[in-house]
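Student: Below you'll find the structure I mean.
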Amino acid sequence: MVDFKTGKAKEGHERQVLLYGVLWWRVTGEAPSKVSLQYLGARRTWTVTPDQLEVAEEKLGAAIDAAGGALSEHPATARPGDGCRFCPARARCDEGWGHFLSTSARVRSGISDVEATVASAPSEYGFLATRDGKEVDVVFDAAVGRRLPPLAQGDVVRMLDCVVKDEGKTFEIRPWTEVFPTLSHHAAHA
C-alpha cells in the first residue's frame, strides 16, 4: 500500500496511510504487510502487523464516537481559536466572539465585525449606538434598513462585515452585512 504525496512530510501522514491499510484490509480481507509514503524526493516504507492495524482501527472508532458525541451537543461546545473570524456561527457564539475581539486589532476603516448597543430608536437611515463607551453612528440605505431585524433602544447587536468609517466613528450596514441581536440580550428579556 503506497500513498503518494506531492508536498513535504507532515505529522499525521503515517496515521493516514495506516488507516488506508485498515480500509484495504476490511474491504478485501487481506491485511497489508507494508505501507509506504511516497514524496517527490523520498519514500518511507515500514512493516505493519494485523495487531497494529486493529489498534489503529480502534482509535479511529473512538474518534468517530467522540465526533458523534460532539455533534449531538446542543448547543455545541465552543472551541475558540484562529478560525473564529471565519466561522459562520460567530455572531451567535459568545466565546468565539470574545476570542475574535480579544485577538483582533480595532479596525478604524475597512470591513469588520462590530458589536454595539442601540442608543436611539432606529430611523429609516440609521441609529445612534454606543461602542466601548463612545457614541457612534450606524447608517444604512433605506432599502437595507427595511430588511434588518427589529431593533430597539438598548438592544445589543452584532454586525458582520459592516463598513467602518471615520476612524471607527461610523458603521455602515451594507446589503451584505448580517445583523444579529445577541442571544444573551434576548435571553435577558425573555
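The values are calculated or read from the model by the stated rules, or taken from the named source; none is laboratory data. As the structure is a computational prediction, the values presented were derived from the model and not from experiment. Cβ sites come from the backbone with ideal geometry, for glycine too, and all protein chains shown count toward neighbours.
The rows are residues; the columns are (1) more than 30 Å from PHE180 (Cα to Cα); (2) at pLDDT 90 or above; (3) in contact with a Phe, Trp or Tyr (Cβ under 9 Å, 6 or more places away or on another chain).
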position	(1), (2), (3)
LYS5	yes, yes, yes
GLU58	yes, yes, no
GLY61	yes, yes, no
ALA76	no, no, no
CYS87	no, no, yes
GLY98	no, no, no
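Student: Out of LEU18, LEU23, LEU53, LEU40, I need the residue that is without any contact (Cβ under 8 Å) to a residue 24 or more places away in the chain and either farther than 30 Å from LEU101 by Cβ or not assigned by TED's automatic domain parsing to the domain that holds LEU101 (or both). Which one?
Tutor: When all the criteria are applied, what remains is LEU23.
Student: Please count how many residues of the stretch 108-124 are surrounded by 14 or more Cβ atoms within 10 Å (Cβ to Cβ), within 22 Å of the chain's Cα centre (by Cα) and of a type outside the set (Ser, Thr, Tyr).
Tutor: 5
Student: Looking only at the stretch 63-74, count how many residues are surrounded by 10 or more Cβ atoms within 10 Å (Cβ to Cβ) and either β-branched (Val, Ile, Thr) or at pLDDT below 85 (or both).
Tutor: Number satisfying all stated conditions: 2.
Student: Now for a different question. Just give me the residues in the stretch 21-38 being part of a loop (DSSP other than H, G, I, E, B) and surrounded by 11 or more Cβ atoms within 10 Å (Cβ to Cβ), in sequence order.
Tutor: Once the filter is applied, which keeps residues that are part of a loop (DSSP other than H, G, I, E, B) and surrounded by 11 or more Cβ atoms within 10 Å (Cβ to Cβ), the stretch 21-38 yields ALA31, PRO32, SER33.
Student: Return the residues of the stretch 133-159 that are touching a Phe, Trp or Tyr at 6+ places or on another chain (Cβ under 9 Å) and in contact (Cβ under 8 Å) with a residue 40 or more places away in the chain; say none if nothing qualifies.
Tutor: VAL157, ARG158, MET159
Student: Which condition does GLY41 not pass, out of (1) assigned to a loop (DSSP other than H, G, I, E, B); (2) more than 15 Å from the chain's Cα centre (by Cα); (3) within 30 Å of VAL179 (Cα to Cα), if it passes all the others?
Tutor: Unmet condition: (3).
Student: While we're on this one: Taking the conditions exactly as written (within 21 Å of GLY96 (Cβ to Cβ) and modelled with pLDDT of 95 or more), does PHE140 satisfy them or not?
Tutor: Answer is no for this residue.
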